[in-house]
Amino acid sequence: MAYSEKVLDHFANPRNVGSLDRGDQRVGTGMVGAPECGDVMKLQIQVNEETGVIEDAKFKTFGCGSAIASSSLATEWVKGKTVDEALEIRNVDIVNELSLPPVKIHCSVLAEDAIKAAIEDYRKKRSH
Amino acid sequence: MDAPDYFQFFGLEARLSIDLPDLENRFYRLSRQLHPDRHAQAAPSERERSLEASAILNDAYRTLRDPVARAEYLLKQQGFEQSKQAPAELLDEVFDLNLALEELRGGDVSVRSRLEAARERFLALLQETDAGLEGLFGAYDRSPAPAALGEIRAALNRRKYISNLVQQVESELNP
Ligand code: FES
């Protein structure tokens, strides 16, 4: 299967690979997996507590090229957005941006889920 | 020809625990009945039908013989699709394992012992899950209720995940 150029670019030069301190109050961690293929994705956000703006985002994905590209793109997109805005990101946006074929849609779903999970984790931390 | 119900095909009730030697006997009996040699003189349409039936028989046998495949089959029939949710409590394990595998590929041999420990842990988890499944199968067979199938579905998802992990570690440790 041929990957689109954008996928290849994110795959060869993934943005924001790495991790943030899980213990930090400002950091939300989303860990998600796809049972079909066993792939896992960790996406973390660091939020400015005053403004609610996501100031940093990191990911580490063990999975196919599309999953890596989707999560790389997701970190790019969430940065600079408020938490609420980031929740609006839909996997179809990722599919369109990366021209993912139908068989790779679940990889983009993983990225959307990871964003949501990270935000949920952040909010849970704050409510304590 | 639509694929018939595998259980019915063997003249069995839809159950999660089945008697394997009995299944095998039924398989051989049906294979003989459907064997092409017995239909050599038959009309072409009938020969074709027996050929198709043999193919179904083989699929059915392969599916019902294996407890996990059997349960997957029954769940699918009952409308329990594989869940898209990975078992959350395992994800950290999966992630760490992948990290270790990456380090190993990067040439850090000291992670070998970590992988071996991980393998032991996963194998133990697999056994635990299988034991749990056996119990769930029995419970369902005694009183087939949809709620029981939901639990089985979750356990099978978990099992799939763990067995993927075991495979990954194995292939890394013994390439
Ligand atoms: S194939 Fe598993 S995430 Fe893409």
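For region B:100-157, what is the Kirkwood estimate of the hydrodynamic radius, computed as the reciprocal of the mean inverse distance between distinct Cα atoms, to one decimal in Å? Walk me through the intermediate numbers first.
Values: mean 1/r = 0.0734 Å⁻¹.
One over the average 1/r among Cα pairs gives 13.6 Å for region B:100-157.
Mind ranking B:58-70, A:109-121 by how tightly packed they are, going by the mean number of other C-beta atoms within 10 angstrom, highest first?
Values: B:58-70: 16.4, A:109-121: 23.2.
By packing density, highest mean first, the sequence is A:109-121, B:58-70.
Which of A:Gln25, B:Gly11, A:Tyr3 sits closest to the plus end of the dipole of the protein assembly as shown, meaning its Cα is farthest towards the positive end, when Lys and Arg get +1 and Asp and Glu get -1 on the C-beta?
Going by the Cα projections, it comes out as B:Gly11.
For A:33-43, what's the mean count of beta carbons from other chains sitting within 10 Å of each residue's beta carbon? Kindly include the intermediate steps, with their values, before the conclusion.
Details: counts 10, 4, 12, 5, 1, 10, 4, 12, 2, 5, 0.
Whole-number average of other-chain Cβ neighbours for A:33-43 is 6.
Rounded to whole Å and sorted largest first, list the principal axis extents of the Cα atoms in region A:5-123.
40, 24, 22
One quarter of the convex hull surface, Cα atoms only: what value does that give for region B:3-138 in nm²? Write out the running numbers ahead of the final one.
Details: hull surface 50.1 nm².
Mean shadow area of the hull around the Cα atoms is 12.5 nm².
For region B:26-87, would you read off the P(r) tail past 16 Å as a percentage of all alpha carbon pairs? Let's see the in-between values first.
Values: 1094 of 1891 pairs.
Here the tail beyond 16 Å accounts for 58 percent of pairs.
Inside 10 Å of the C-beta atoms of B:96-106, what's the mean count of C-beta atoms belonging to other chains? Don't skip to the answer; put the middle values down first.
On the way: counts 1, 2, 8, 5, 0, 1, 2, 0, 0, 0, 0.
Partner Cβ neighbours, averaged per residue: 2.
Straight-line reach only, C-alpha to C-alpha below 20 angstrom: list the lysines that A:Lys58 could link to, leaving out same-chain residues fewer than 8 apart.
Partners within reach: A:Lys6, A:Lys42, A:Lys79, A:Lys81, A:Lys116, A:Lys124, A:Lys125.
So what are the three principal axis dimensions of the protein assembly as shown from its Cα atoms, in whole Å, longest to shortest?
Here the spans come out as 81, 43, 40 Å, largest first.
Show log10 I(q)/I(0) for region A:10-57 at q = 0.15, 0.18, 0.19, 0.32 Å⁻¹, two decimals, from a solvent-free Debye sum over equal Cα scatterers.
Rounded to two decimals, the profile gives -0.50, -0.67, -0.72, -1.14.
Given contacts defined as C-alpha pairs under 8 Å and at least six residues apart, what's the relative contact order of region A:5-123, whole-number percent?
Details: 239 pairs, mean separation 37.8, N = 119.
It comes to 32 percent, rounded to a whole number.
From largest to smallest, what semi-axes in whole angstrom does region B:63-175 give when each is the square root of 5 times an eigenvalue of its alpha carbon gyration tensor?
On the way: eigenvalues 206, 33, 27 Å².
Result for region B:63-175: semi-axes of 32, 13, 12 Å.
Each reported figure results from applying straightforward, stated rules to the coordinates on display, with no laboratory input. If you're wondering where the values come from, they're calculated on a predicted model, not measured in any experiment. All Cβ positions, even for glycine, are placed from backbone atoms using ideal geometry, and neighbour counts span all protein chains on display.
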